[in-house]
């Protein structure tokens, strides 16, 4: 009997899974393995919301395997040690896994290859599993990666994506390989109240519903904060319960401007992954240094805490931050605004905000989270690093009647119309209605001036004020 091990990481699905397909084609038995990696926990990435979603995903993956005659093997410890241990128990000749892009993923692959070769077991790393297009598939003539999105998008759009693979019919797992109990949400503390459910079955259900009822209007409504007209598929893409290749193919079959706009967002995801693959240090260091001297001290710490709690005095910023804490998710327009407010209006190091997002986001992803934060902070790939998002202008455009704010900021729920975005200008009974809501922690013009001075340039551009 020939045996292969499939190490699942950020690809917790059975549909369109190249490592699993290759293992099944090359072996008579397969060990589907997930390692609860102590290295990930030590690095601070095992946030409660993601652990809960992960537990859902693993239970669903195990259920899908059992329907096909198999089961999921779960181990805890150092990922390399556990893979080698399982490979030895199963007398496996090959290990298959999806390619990653982070520095940690690169080190994991290098360590695995060295350790397995010593035991005469081959490692196979598969591309286009976690992203739709492999990170190095396209590059400009002068560099190993694209640093600007638009030319990357043009080249990406010219490529042919691989075909979608079907889910396997039968899977045989050696009886001799034991497993720990599957993790559960029970016992986890600090979870967001309205945390989404995980798992491939849930991801595929959401994708089908989105393609039938939401994608057609996506181009027009994707920035509508109150309408919540986005797909909410990002957690499933992060954990790999959905294949990005399959999502692109199915969206393109849906057709229309909405599908085109949606696919463009998926390309942004690939874009950030190819940047991080080429520049792993961008997870913690400025991609384009601006020589910032970020604010510190007691005043800055007080501003950071107000931002985290959603008590900045700017209702749209606060609504988005409260949505994040309540759901473990935030609308993309809210992410852009809150990141701009912290890094530019308050002039606080983008890493502080990125860490807070990773502490709460179910879709918290090193490539997308860190590089989106850098894009907003002006240290990343944005071609207009001095742009500053004005929360009042953003409110006028994306929450004109204040419905989003009233949903998430109950202190302002009694206010009518757009006045909800500037409660400090109210007087009389209306002002008394929101007495528990704080005054703005910074004047927007003062924040803009401080940012311009700090960057040592006059080119920081603010959106027009309402």
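The values are calculated or read from the model by the stated rules, or taken from the named source; none is laboratory data. Computed from a prediction, not measured in an experiment: that's the story for all the values here. We place every Cβ from the backbone using ideal geometry, glycine too, and count neighbours over all the protein chains shown.
Tally up the residues in the range 320-345 that are assigned to a helix (DSSP H, G or I) and within 19 Å of residue 196 (Cα to Cα), please.
Residues meeting the conditions: 11.
Kindly indicate which of 176, 147 is in a loop (DSSP other than H, G, I, E, B), modelled with pLDDT of 95 or more and either buried (at least 17 other Cβ atoms within 10 Å of the Cβ) or outside the structural domain of residue 32 (by TED's automatic domain parsing) (or both).
After ruling out the rest, the residue left standing is 147.
Answer with yes or no whether residue 233 is without any contact (Cβ under 8 Å) to a residue 40 or more places away in the chain, touching a helix residue (DSSP H, G or I) at 6+ places or on another chain (Cβ under 8 Å) and either surrounded by fewer than 21 Cβ atoms within 10 Å (Cβ to Cβ) or under 20 Å from residue 378 (Cα atoms) (or both).
It is true that residue 233 is without any contact (Cβ under 8 Å) to a residue 40 or more places away in the chain, touching a helix residue (DSSP H, G or I) at 6+ places or on another chain (Cβ under 8 Å) and either surrounded by fewer than 21 Cβ atoms within 10 Å (Cβ to Cβ) or under 20 Å from residue 378 (Cα atoms) (or both).
Out of 349, 359, 382, report the one residue that is surrounded by fewer than 24 Cβ atoms within 10 Å (Cβ to Cβ) and free of Cβ contacts under 8 Å to residues at least 24 places away in the same chain.
Answer to the check: 382.
Okay, residues lined up against (1) within 24 Å of the chain's Cα centre (by Cα); (2) within 29 Å of residue 279 (Cβ to Cβ):
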{"site": "142", "(1), (2)": "no, yes"}
{"site": "153", "(1), (2)": "yes, yes"}
{"site": "157", "(1), (2)": "yes, yes"}
{"site": "166", "(1), (2)": "no, no"}
{"site": "173", "(1), (2)": "no, no"}
{"site": "178", "(1), (2)": "no, no"}
{"site": "194", "(1), (2)": "yes, no"}
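Please work out which residue is farthest from the chain's Cα centre (by Cα), limiting yourself to the range 64-120 and to residues that are buried (at least 17 other Cβ atoms within 10 Å of the Cβ) and part of a strand (DSSP E or B).
My answer is 94.
Could you tell me how many of the residues in the range 425-447 are farther than 16 Å from residue 341 by Cβ and exposed (fewer than 13 other Cβ atoms within 10 Å of the Cβ)?
7
Just name the residue that is farthest from residue 349 (Cα to Cα) out of those in the range 278-290 that are touching a helix residue (DSSP H, G or I) at 6+ places or on another chain (Cβ under 8 Å) and surrounded by 16 or more Cβ atoms within 10 Å (Cβ to Cβ).
280
On the basis of being part of a loop (DSSP other than H, G, I, E, B) and either assigned by TED's automatic domain parsing to the domain that holds residue 367 or closer than 22 Å to residue 92 by Cα (or both), does residue 7 make the cut?
Working: part of a loop (DSSP other than H, G, I, E, B): no; either assigned by TED's automatic domain parsing to the domain that holds residue 367 or closer than 22 Å to residue 92 by Cα (or both): yes.
Considered against the rule, which asks whether it is part of a loop (DSSP other than H, G, I, E, B) and either assigned by TED's automatic domain parsing to the domain that holds residue 367 or closer than 22 Å to residue 92 by Cα (or both), residue 7 comes out as no.
Could you check, for the range 376-385, whether at least one of its residues is part of a loop (DSSP other than H, G, I, E, B) and farther than 30 Å from residue 294 by Cβ?
no
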